[in-house]
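Novice: Here you go, one structure.
Taken together, the values in this text are just the output of simple stated rules run on the coordinates, not laboratory data. Model, not experiment: these values are computed from the prediction. Cβ: placed from backbone, ideal geometry, glycine included. Neighbour counts: every protein chain shown.
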Amino acid sequence: MNPEAWELPASDPGWERMRDAGQLAGRPVVYLPAVDSTNTYALSPVLRGAAAGTLIVAETQTAGRGRLGRQWLSPPGCGLYLSLLLRPALSGEALPRVTLAAGVAVCLAVEQATGLQPKLKWPNDILLDGKKAGGILTETAGMAPGAAEPRPLVVVGIGVNVNTPAALFPGPLAAHATSLLAAAGRPFARSLILTALAAEVERAVAALEQGRWPEILRQWRARDGTRGRALSWVTPGRKTVRGESLGIDDQGLLHIRDAEGRIHAVLSGDLQLVSGGAHAHSRA
Ligand code: BTN
């Protein structure tokens, strides 16, 4: 691809309409030219009382946050950096499922809007060509006993590298990060992906509310990009476990089989795909 094309922003009238009208397909939008983090903003008192379905969309983030305290690179105009406010009728134990449901939703939205076929890496990485093109950070508030709101506020923060030139990923990230532009060789209208994203996340969370978790599990497993592959897992206690991904169980936990045949259920921590592809024990 001609690198000069990267300089040209894709024409996206839908983005300008969303920005100027403060709404997208009937959803209220808070558009911010720049913010520290859309999740931080969504959880701040400024948005107390905002309607479920409100989208916080930023052109750039100065302190975009990822899992495990990582930074989320948010160059202006290139990507989608958004938080969707929800108040789902879900128990506290069911809330971790929102992240997996949102992962499925992001894949479906990217499939619909671009024709690309992203995969998932537990719990929340959106992969293209084995590299990370997006991620999800779900945060909650208002869950304290006696909280004023009857339902917790759930903020689904989504970052997607849409038109981010590969050259913008700094050294250590370059080997692991990609964008829709880099994967497809052409830019995409962010507004189309955003519209599909909001609808699909709401649909997936509604499925959870209606007890259709098995359907979300099926959709997640159909897009599992690491099953049968070698993974390295750094546990929250800083121990490294290497083994084969066995996929997710019915609770949504990832299982890894190590070289001694022990099965580990992954609740949290950092996971990396080990290059070289399939694990020695994997079956087709
Ligand atoms: C991850 O993969 O670790 C999660 C990344 C989530 C990034 C998004 S960008 C919009 C929202 N605001 C943030 O600060 N983080 C999320």
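Novice: Loop-only check: which trypsin sites (Lys or Arg not before Pro) in the range 52-121 are DSSP coil with at most 14 other Cβ within 10 angstrom?
Specialist: For trypsin sites (Lys or Arg not before Pro) across the range 52-121 that sit outside H, G, I, E and B with at most 14 neighbouring Cβ atoms in 10 Å, the list reads Arg70.
Novice: Based only on other Cβ atoms within 10 Å, what is the fewest-to-most ordering of Ile263, Ile56?
Specialist: In increasing order of surrounding Cβ atoms, one gets Ile263, Ile56.
Novice: Now a separate question. Beyond 22 Å, what share of the Cα-Cα pairs of the range 61-210 is found? Please give it as a whole percent.
Specialist: That tail contains 38 percent of the Cα-Cα pairs.
Novice: Quote the relative contact order of the chain in percent (integer), defining contacts as alpha-carbon pairs under 8 Å separated by 6+ residues.
Specialist: Reported as a whole number, the value is 16 percent.
Novice: Aspartates and glutamates within cross-link reach of Lys131: Cα-Cα under 18 Å, excluding same-chain residues under 8 positions apart?
Specialist: Reachable aspartates and glutamates: Glu111, Asp224, Asp270.
Novice: Find how much the distance from Arg242 to Ala51 grows on full extension, using 0.36 nm per residue of separation minus their present alpha carbon separation; answer in nm with one decimal.
Specialist: Between Arg242 and Ala51, full extension yields an extra 64.4 nm.
Novice: Still on this structure, I have one more. So what is Rg over Rh here for the chain, counting just Cα atoms and using Kirkwood for Rh?
Specialist: 0.96
Novice: So if each residue of separation counts as 0.36 nm, and I subtract the Cα-Cα distance between Ala25 and Ser44, what length gain in nm does that give?
Specialist: So the extension gain works out to 4.4 nm.
Novice: Note down the nm distance, to one decimal, between modelled labels 7 Å out along Cα→Cβ at Ala167 and at Gln117.
Specialist: Going from the Ala167 label point to the Gln117 one covers 3.2 nm.
Novice: List every DSSP H helix in the chain whose Cα atoms extend 24 Å or more along the helix's own long axis and whose mean Kyte-Doolittle hydropathy is at least -0.5. Before the final figure, lay out each step's value.
Specialist: Numbers: long enough: 96-114 (28 Å, 1.11); 190-209 (28 Å, 0.90).
Qualifying helices, which must be both long enough and hydrophobic enough, are 96-114, 190-209.
Novice: I'd like the antiparallel share, as a percent to the nearest 5, of DSSP beta bridges with both residues in the range 1-116. Mind dumping the intermediate values first?
Specialist: Working: 7 of 12 bridges.
Just about 60 percent of them are antiparallel.
Novice: If R0 is 25 Å, what FRET efficiency do you get for Ala175 and Thr235 from their C-beta distance, rounded to 0.05?
Specialist: 0.60
Novice: Let me ask something else. Relative to the present Cα-Cα distance, how much length would full extension add between Ile263 and Glu93 at 0.36 nm per residue of separation?
Specialist: Difference between extended and current length: 58.9 nm.
Novice: Using the number of other C-beta atoms within 10 angstrom as an exposure proxy, rank Glu215, Glu260 with the fewest first.
Specialist: Glu260, Glu215
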